[in-house]
1. In region 2-236, with Lys and Arg counted as +1 and Asp and Glu as -1 at Cβ, which of these residues, Pro136, Leu171, Val84, has the Cα nearest the positive end of the dipole, that is, farthest along it?
2. In the neighborhood of Glu102, defined by Cβ-to-Cβ distances under 13 Å, what is the net charge if each Lys or Arg adds +1 and each Asp or Glu adds -1?
3. For Trp60 paired with Thr87, estimate the spin-label separation in nm (one decimal), with each label point 7 Å from Cα along the Cα-to-Cβ line.
4. Starting from the Cα of Gln95, step 7 Å along the direction of its Cβ; do the same at Arg5; then give the gap between the two resulting points in nm.
5. Please provide three numbers in whole Å: the alpha-carbon extents of the chain along the principal axes, with the largest listed first.
6. Under 10 Å, Cα contacts only: if you run a Gaussian network model on the chain, which one of Ala182, Ala198, Ala209 comes out with the highest mean-square fluctuation?
7. For the chain, what is the mean residue ellipticity at 222 nm derived from helices alone (per DSSP H run of n ≥ 4: -39500 (n - 2.57); sum divided by total residues; nearest 500 deg cm²/dmol)?
8. Which FRET efficiency value, to the nearest 0.05, is calculated for Ala37 and Val133 with the Förster distance at 25 angstrom and r the Cβ-Cβ distance?
Amino acid sequence: MLVERFESALWETSSLLLAAGSEAVLIDPGVAADEVARIAARVRELDVRITHVLATHADWDHVCGIAAFPVAASGIDIAGEPRVDRTFAAGAALQLGPFLVETLALPGHTPDGTAFRVRELDVLAVGDHLSTVEFPFVTSTAAYRGTLAALIDLLRRDPPARVVPGHGPELTAAEALPVAEADLGYLWELHDAVTAGATQDEARAAGLAVDVPRPAAEDLAEAHAANVEAALSERFG
Ligand SMILES: [Zn+2]
């Protein structure tokens, strides 16, 4: 059995190859064509059959490699656009090829965010959370706080050996916990700043003054302003 993480040059995006025997599962294969080809070459080298390709969420950087891996069982062989052969409700475990994969809903970055946990491999893939190279990018600050609280609880009470964020290096549970706590602290500071502003303009200024918990790539820096707008719409409509 093996777990291999591939890293894209774009935002250190993670792709995971999980293999057992002659079968394997991919999570978020990407991003650039040559990077996807590198994963495909490794699959051929290991001589494993990809039974399933999972996406932690439907942001383009996490789904753009799906077209390169047609699942033989689906009977569909489309190279080009990412596609969805099957959906599931997060919460239940799924038998996917050789692995029993636990699924955990992680809304807040996107509504469809899902963590995948394979106990046999002691690995948890968390999509765009717990990154040491980014800070939270939210669609819902309230949902994201709930997701972080759930992850903190999980990391304390039922920690996996390996945590693989969607961007940046793999972490131990002990390394992931302070990231989750710092991110939750940031979102509460943002909440409190926006709540204290009497008007929308005051609230926006207060929100923009909140420090992000860590730097991110330059082209992602405006995400803090987007987080402030999300917090404003949650308070003022
Ligand atoms: Zn991402």
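Only the coordinates and a few stated rules stand behind these numbers; no lab work does. This is a predicted model, so every value here is computed, not measured. Reconstructed Cβ throughout: ideal geometry from the backbone, glycine too, with neighbour counts over all protein chains shown.
1. After comparing all options, I get Val84.
2. On the way: positive: Arg117, Arg119; negative: Glu120, Asp122, Asp158.
So the surrounding residues net to -1.
3. Rounded to a tenth, the inter-label distance reads 2.2 nm.
4. Inter-label distance under the simple model: 3.0 nm.
5. 61, 39, 29
6. Among Ala182, Ala198, Ala209, the largest mean-square fluctuation in the Gaussian network model of the chain belongs to Ala198.
7. Numbers: 6 runs with 82 residues, N = 237.
My calculation for the chain gives -11000 deg cm²/dmol from helical runs alone.
8. Rounded to the nearest 0.05, the efficiency is 0.55.
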